[in-house]
Amino acid sequence: MRISNNRKFRFVAGILISLIFLYLTIGKLSLAELNEIISNASILPLTLAVIFFFVGYLLRAKRWEIMLEYKNEKICYHKCVKIIFITTAMNNILPLRAGDIARVMFYNKEINKSTSSILASMVIERFLDLFCILFFLWVSLFFVNIPYTNNITQQLPLLGCFCILLLLIKPQVYTFTLHFLSNLLKKTANVNLYRFEQGLNNFTSLVNNTSSLRITSKLLVLSLIAWSFEALVFYITSLSIIEIINNESALFAMPIGTFSTLIPGSPGYFGTFDYFVSQTMKISGNNSTVASAYALLVHVVIWLPITVAGGIMLILKGKNNV
């Protein structure tokens, strides 16, 4: 019961946080002006943005396929695409990262992988994504004049990239700690950890396999290309609004908006994402209404298409299983 109450509390708290940030984003603006800017957005850039967004996710699915294809085990790429799309859609509409839980606990059977292997692949995904976000943050700082920054602070994202790269090519840094804690718990608590150790061995096997220079390089290249398309989504969406000043600031909005999703909020990160994206756009001289209109528009571009596509795939999957 306690776990259930904690989940309810986190969900309600997330909704409240999202509402607060949504009010901070548009609460004091003219909704008529906001609606006019969004309504007059050009369709062609938005269409291109949606296409580029899907290309990025297809590359993420390919990256996941490569991660799981160790010990010469072939994985169906189409199944990877379906699972990535469906679970992303679930994350967008269900609380508590339900899509991630489903990918680990349920969809592992579709590709004949253990839950620990799927979990390991998702850990590597997070490292790769964080590397790319920090890299694009570093690049974007050359296009935007951020107050209170200097040449030293501008290099901090690059230092973060180096640390993450170390974890990717030397996973023993954390796998050794996990094995040490497992052995310590087994000796001190005198409990049977056979299943846990088996899962930990699968986890370690996958991360060690992907740490080879050949696979790590391939995963990094795919990740950087995928996130380049994500950056293009933000940039091209800014071109759809003629009132925007300095479209290059959208490149800075991408990593900042992505980092804002770490803040607990509602499914889809409504409010939190919009607030921080709008604030980054205001740094380049855009007024509050234009900046908020852009934030809402780019949020729709990266939320609606994948949610609809993933939902359709889930419905079709359900019909095929009947």
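The values are calculated or read from the model by the stated rules, or taken from the named source; none is laboratory data. In this text, all values refer to a predicted model and were calculated from it rather than measured experimentally. A quick note on method: Cβ atoms are made from the backbone with ideal geometry, for glycine too, and the neighbour counts reach across all protein chains shown. Note: accessible area is taken over every heavy atom of the protein model, side chains too, but ligands, DNA and RNA are not part of it. Shrake-Rupley method; radii C 1.70, N 1.55, O 1.52, S 1.80 Å.
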### Query
H299: net charge of surrounding residues, Cβ under 14 Å, Lys/Arg +1, Asp/Glu -1, itself excluded?
-2
### Query
What residue among L48, L178, A250 has its Cα farthest toward the positive end of the dipole of the chain, where the charges are +1 on Lys, Arg and -1 on Asp, Glu, each on the Cβ?
L178
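Given the rule -39500 (n - 2.57) for each run of at least 4 DSSP H residues, summed and divided by the residues of the chain, what is its mean residue ellipticity at 222 nm, to the nearest 500 deg cm²/dmol?
Numbers: 13 runs with 245 residues, N = 322.
Here the helix-only value at 222 nm equals -26000 deg cm²/dmol.
Treating only the Cβ atoms of Lys and Arg (+1) and Asp and Glu (-1) as charged, compute the dipole magnitude of the stretch 64-106 about its Cα centre; round to the nearest 20 debye.
On the way: 6 positive and 4 negative charges, 16 e Å.
The calculated dipole for the stretch 64-106 is roughly 80 debye.
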### Query
Once the piece of chain linking K109 and L184 is laid out straight, how much longer is it, given 0.36 nm per residue of separation minus the C-alpha distance between them?
23.9 nm
### Message
From the protein chains alone at 1.4 Å, what is the descending order of accessible area for H299, H78, H179, largest first?
### Response
H78, H179, H299
### Sequence-separation-based contact order of the stretch 36-152, relative, with Cα cut under 8 Å and 6+ spacing, percent
17 percent
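Output the relative contact order of the chain, whole-number percent, from Cα pairs under 8 angstrom with separation of 6+ residues.
On the way: 401 pairs, mean separation 110.3, N = 322.
Relative contact order of the chain: 34 percent.
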### Task
On the protein heavy atoms, probe 1.4 angstrom, tell me the percent of accessible surface of the chain carried by carbon and sulfur.
68 percent
### Task
Mind checking which aspartates and glutamates have their Cα closer than 18 Å to the Cα of K82? Skip sequence neighbours fewer than 8 apart in that chain.
E65, E69, D100, E110, E125
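Which shape class, rounded, prolate or oblate, goes with the stretch 204-322 when its Cα gyration tensor gives a ≥ b ≥ c as root eigenvalues, a/c under 1.5 marks rounded, and past that a/b bigger than b/c marks prolate? Mind dumping the intermediate values first?
Values: a/c = 2.20, a/b = 1.38, b/c = 1.59.
Oblate.
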## Note on the structure
One finds the C-alpha centres of the stretch 28-45 and the stretch 262-322 to be spaced, in Å, by 16 Å
### Task
Any chance you could look up the accessible area of K218 with a 1.4 Å probe, heavy atoms only, rounded to 10 Å²?
90 Å²
### Message
Quick check on packing: order 267-279, 153-165 by the mean number of other C-beta atoms within 10 Å, highest mean leading.
### Response
267-279, 153-165
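Dipole magnitude of the chain about its Cα centre, charges +1 at Lys/Arg Cβ and -1 at Asp/Glu Cβ only, in debye to the nearest 20? Kindly include the intermediate steps, with their values, before the conclusion.
On the way: 26 positive and 14 negative charges, 297 e Å.
Result for the chain is approximately 1420 debye, rounded to the nearest 20.
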### Task
May I ask you to derive the relative contact order of the stretch 201-322, considering only C-alpha pairs under 8 Å and at least 6 residues apart, and to give it as an integer percent?
19 percent
### Task
Run down the aspartates and glutamates and flag those whose C-alpha is under 20 Å from the C-alpha of K186, throwing out any fewer than 8 positions away in its chain.
E197
